[in-house]
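Colleague: Let me begin by handing over the structure; questions about it come next.
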Amino acid sequence: MTVRVGVIGTGAIGRDHARRINQVLAGGEIVALSDVNRVSAEKVKAEIAPEGEIFETGEALIASPKVDVVLVTSWGATHEQYVLAAIAARKPCFCEKPLATSADGAKRIVDAEVAHGKRLVQVGFMRRYDVGYVALKQSVSSRIGAPILVHAAHRNPTVPEQYVTPMAIHDTLIHEIDVFRWLLDDDYVSARVLFPRKAARSHAKLRDPQVVLLETTKGVLIDVEIFVNCRYGYDIQCEVVGEDGIAKLPEPMAVKMRLDATLQNSILTDWKDRFIDSYDVELRDFLKAAAQGGVSGPTSWDGYVAAIASDACVTAQEREGEAVAIALPARPALYN
Ligand code: NAP
């Protein structure tokens, strides 16, 4: 069965997902596009999705009988309204992170899905589909004994001037926030943030780098360095220390060279390249489940928990060094 897909938001990731669905994966076809920037939607139609009818609004796209499932890849602040509309229309929906820009917004989505009584939303936490993280999870759950510590780093070569300190949490750390819960099968109880001296290349409104300390219900302590102007590359590190051993996220494949009297190994510079395969796998998973009328993968609940933990981390930035509690409500049975 070919699932008829409507895409709301045809910017960087929307365009890339449209390409995936029409040119890489089987099981889906883009039949509808919408973007406040009509030129962007027209460009995607012309270059990737000739069958994509352009709709004036995301709501009109969702309501169209020609659309079976919805991809929400617009600006983060608009996700909530479109995901709620997709639930109201009973259509499976893939929503890029963040599920909503506030914990209250994410809760409204959880409540709507629970009221509907069936999962309809998959959140774009693609690291859960990364082959390295999947292998790491296997080692963590079966080889190294109970986890005690996690050391991690999220480094970007550079970020634009408009990237301000809280974005290091909402835009960057949010991937770690989700993937550690999944990796450790655990939840958070508190967050702390520590800042070293500001790096010379950091922007005026950005304190870079920073270290986030997360504590979990099982007593695991996680330290994450976020360094978004590190210059040298896009580098994701994760090492789990267990009772019996240590498991480390594999490095992306790279040719090793002996050259100019050095041993060289190139490092990726673009996040799109680092997780390119996992985006394919997550969307394949979405299309497969959507063909049966449902969804799998990261849930609205995961998106809601990530929003609560992100808000706590931003508060922890403001109260540098102080532990900020992360209180989670009871998980509805739909997400067990
Ligand atoms: P982008 O390039 O700015 O694209 C967003 C598009 O949405 C733009 O064309 C924008 O138009 C449009 N838009 C804004 N408001 C809209 C509305 N009300 N209805 C329909 N379209 C609207 O951003 P992006 O990098 O693709 O990011 C989009 C989302 O994906 C963000 O939430 C981001 O966090 C997420 N993302 C996730 C990953 C990941 O690794 N999972 C990677 C990248 C992005 P204008 O340009 O005119 O505003």
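Colleague: Give me the pairs: first residue in segment 319-336 and closer than 19 Å to Thr217 by Cβ, second residue charged (D, E, K, R) and part of a loop (DSSP other than H, G, I, E, B), beta-carbon distance under 7 Å, and six or more apart or on different chains, which are they?
Modeller: Pairs that qualify, where the first residue is closer than 19 Å to Thr217 by Cβ and the partner is charged (D, E, K, R) and part of a loop (DSSP other than H, G, I, E, B), are Leu328/Asp187.
Colleague: Related question: Out of the residues in segment 75-99 meeting the condition of being more than 8 Å from the ligand (Cβ to nearest atom) and assigned to a helix (DSSP H, G or I), tell me which one is farthest from Asp311 (Cα to Cα).
Modeller: Ala88
Colleague: Quick check: anything in segment 156-173 in contact with a Gly (Cβ under 7 Å, 6 or more places away or on another chain) and within 16 Å of the ligand (Cβ to nearest atom)?
Modeller: yes
Colleague: Quick one: would you say Arg19 is assigned to a helix (DSSP H, G or I), modelled with pLDDT of 95 or more and not β-branched (Val, Ile, Thr)?
Modeller: yes
Colleague: Continuing with the same structure: Being under 23 Å from Thr172 (Cα atoms) and modelled with pLDDT of 95 or more: is that true of Gly117 here?
Modeller: no
Residue by residue, here is whether (1) surrounded by 20 or more Cβ atoms within 10 Å (Cβ to Cβ); (2) touching a His at 6+ places or on another chain (Cβ under 7 Å); (3) at positive phi; (4) touching a residue at least 12 places away in the same chain (Cβ under 8 Å) holds:
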position	(1), (2), (3), (4)
Lys43	no, no, no, yes
Glu53	no, no, no, yes
Glu56	no, no, no, yes
Ala63	no, no, no, yes
Val72	yes, yes, no, yes
Lys97	yes, no, no, yes
Ile109	yes, no, no, yes
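Colleague: Which residues, taken from segment 255-309, are out of contact with any Ser or Thr (no Cβ under 9 Å at 6 or more places or on another chain) and among the small types (Gly, Ala, Ser)?
Modeller: Answer for segment 255-309, where residues must be out of contact with any Ser or Thr (no Cβ under 9 Å at 6 or more places or on another chain) and among the small types (Gly, Ala, Ser): Ala261, Ser266, Ser278, Ala290, Gly293, Gly294, Ser296, Gly297, Ser300, Gly303, Ala306, Ala309.
Colleague: When you check Asp104 against the structure, is it over 23 Å from Glu282 (Cα atoms), away from the ligand (no atom under 16 Å from the Cβ) and among the acidic types (Asp, Glu), yes or no?
Modeller: yes
Colleague: Another question, if that's okay. Name every residue in segment 22-45 that is within 15 Å of the ligand (Cβ to nearest atom) and in a helix (DSSP H, G or I), in order of residue number.
Modeller: Passing the criteria: Arg38, Val39, Ser40, Ala41, Glu42, Lys43, Val44, Lys45.
Colleague: Might you check whether a residue that is in a helix (DSSP H, G or I), touching a strand residue (DSSP E or B) at 6+ places or on another chain (Cβ under 7 Å) and within 11 Å of the ligand (Cβ to nearest atom) occurs anywhere in segment 63-74?
Modeller: No, the conditions are met nowhere in segment 63-74.
Colleague: From Ala200, Ala247, grab the single residue that is without any contact (Cβ under 8 Å) to a residue 40 or more places away in the chain and either loosely packed, with under 13 Cβ neighbours inside 10 Å or in contact with a helix residue (DSSP H, G or I) (Cβ under 7 Å, 6 or more places away or on another chain) (or both).
Modeller: Of Ala200, Ala247, the one residue that is without any contact (Cβ under 8 Å) to a residue 40 or more places away in the chain and either loosely packed, with under 13 Cβ neighbours inside 10 Å or in contact with a helix residue (DSSP H, G or I) (Cβ under 7 Å, 6 or more places away or on another chain) (or both) is Ala200.
Colleague: I'd like the full set of residues that are outside any loop (DSSP other than H, G, I, E, B), within 12 Å of the ligand (Cβ to nearest atom) and over 17 Å from Ile87 (Cα atoms), limited to segment 46-62.
Modeller: Listed by number, the list holds a single entry, Ile54.
Colleague: From the list Leu214, Leu221, Leu206, exactly one residue is surrounded by fewer than 18 Cβ atoms within 10 Å (Cβ to Cβ) and under 18 Å from Glu320 (Cα atoms). Which is it?
Modeller: The unique qualifying residue is Leu221.
Residue-by-condition table, conditions (1) in the same structural domain as Asp311 (by TED's automatic domain parsing); (2) at positive phi:
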| position | (1), (2) |
| --- | --- |
| Gly117 | no, yes |
| Leu136 | yes, no |
| Gly145 | yes, yes |
| Ala153 | yes, no |
| Thr158 | yes, no |
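Colleague: Out of curiosity, is Asp187 in the same structural domain as Val314 (by TED's automatic domain parsing) and within 12 Å of the ligand (Cβ to nearest atom)?
Modeller: Spelling it out, it is not the case that Asp187 is in the same structural domain as Val314 (by TED's automatic domain parsing) and within 12 Å of the ligand (Cβ to nearest atom).
The values are calculated or read from the model by the stated rules, or taken from the named source; none is laboratory data. Bear in mind that the values here come from a model prediction, so they are computed numbers and not experimental data. Cβ atoms come from the backbone with ideal geometry, glycine included; neighbour counts cover every protein chain shown.
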